[in-house]
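Data block below; observations after.
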Amino acid sequence: MATLYHAALSSASYRVRIALALKGITLDTVEVDLGAREHHQASYQAINPQGLVPTLITDDGTRISQSLAIIDWIEQVRLAPPLLPADRDRRAAVLSFAHAIVSDIHPLQSRRLSGWLTEAGLGPAVTRSVAAQAISEGLSACEMLLRGQAGPYCYGNTVTLADICLVPQMRSARLWDVDLSRFSSLLRAEATCLRLDAFCAAA
C-alpha cells in the first residue's frame, strides 16, 4: 500500500487529504511533526530531499513530492469523481486558479520563509506582514477569477482542484488574521465545500 507522509497543519498536506477523501482512497499515513522539526531530520530528508510535506511513496516505491503532483497521481489511480473538468478551457481555468494559490500565495506564507526571515533578524512582525499581504493580494485576484461563476463551488456544480486548493488557503488566511469579509465568492465556495464529509474529515 502507498504511504503518505503529511502534517496536520500543512496546507499542502490538507489538499492531498481532501483529494484522497473525495476519491475514497485509503493510504497508510505517517505524521511528520513540523514543530519538532522532524522534516529537517536526515531520516525524513532521505525520503524528501526538500524536507517538505507531503510526500507520497507509491506501492512500487516511487517517491512523489509536491501536493499537485500527488493529487495528479490520485486522479490517475481513481478516475471518479474527476477533479478537473473535461472541457479544455474550464480545465485551464481551474488549473490557473489552483496555481494562483499553490505557486503564488502559499510560498509567501510558508513556515520555511518565516524561518528565513527570522534568521535574517527581521522578526515576527515582518513575517506576519509579508504573509498577510501575500494572502490578501492573492485572494483578491482569486476572487476576481471567480467573477461571473455561478457556483456553488468555485467552478460550477461539482468540486474541482480549485476548491481543493481554496479551502486550506482560507484556513491559513484565518491563522494569519486576514480579513476575508470582502471575498464573497471565495466564502461561498468554501462554505459549500465544508458541508461535504470529505473536506471535514480531511481537516
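In table form, for the structure just shown:
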{"read-out": "Per-selection Rg to Rh, the chain - Cα, Kirkwood hydrodynamic radius", "value": "0.96"}
{"read-out": "Computed label-point distance, nm, for sites Ala46 and Asp28 using a 7 Å Cα→Cβ extension", "value": "1.5 nm"}
{"read-out": "Gaussian network model of the chain, springs between alpha carbon atoms under 10 Å - residue of Leu175, Leu52, Leu146 with greatest fluctuation", "value": "Leu175"}
{"read-out": "Within the range 115-184, trypsin sites (Lys or Arg not before Pro) in DSSP loop having at most 15 other beta-carbon neighbours inside 10 Å", "value": "Arg147, Arg182"}
{"read-out": "Helix-only [θ]222 nm of the chain, DSSP H runs n ≥ 4, -39500 (n - 2.57) each, per residue, nearest 500", "value": "-15500 deg cm²/dmol"}
{"read-out": "Whole-Å distance, taken between Cα centres, linking the range 71-118 and the range 163-203", "value": "15 Å"}
{"read-out": "Calculated FRET efficiency for the pair Ala36/Glu119, C-beta based, R₀ 25 Å, to 0.05", "value": "0.85"}
{"read-out": "The chain: antiparallel DSSP beta bridges as a percent of all, rounded to 5", "value": "65 percent"}
{"read-out": "Extension gain, Leu194 back to Asp87 (0.36 nm per residue minus Cα-Cα distance, nm)", "value": "36.0 nm"}
{"read-out": "Fewest-first sequence of Glu143, Glu190 by Cβ atoms within 10 Å of each Cβ", "value": "Glu143, Glu190"}
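FYI, it's all coordinate maths here, none of it is from the lab. For clarity, every value in this text was computed on a predicted model and none was experimentally measured. Reconstructed Cβ throughout: ideal geometry from the backbone, glycine too, with neighbour counts over all protein chains shown.
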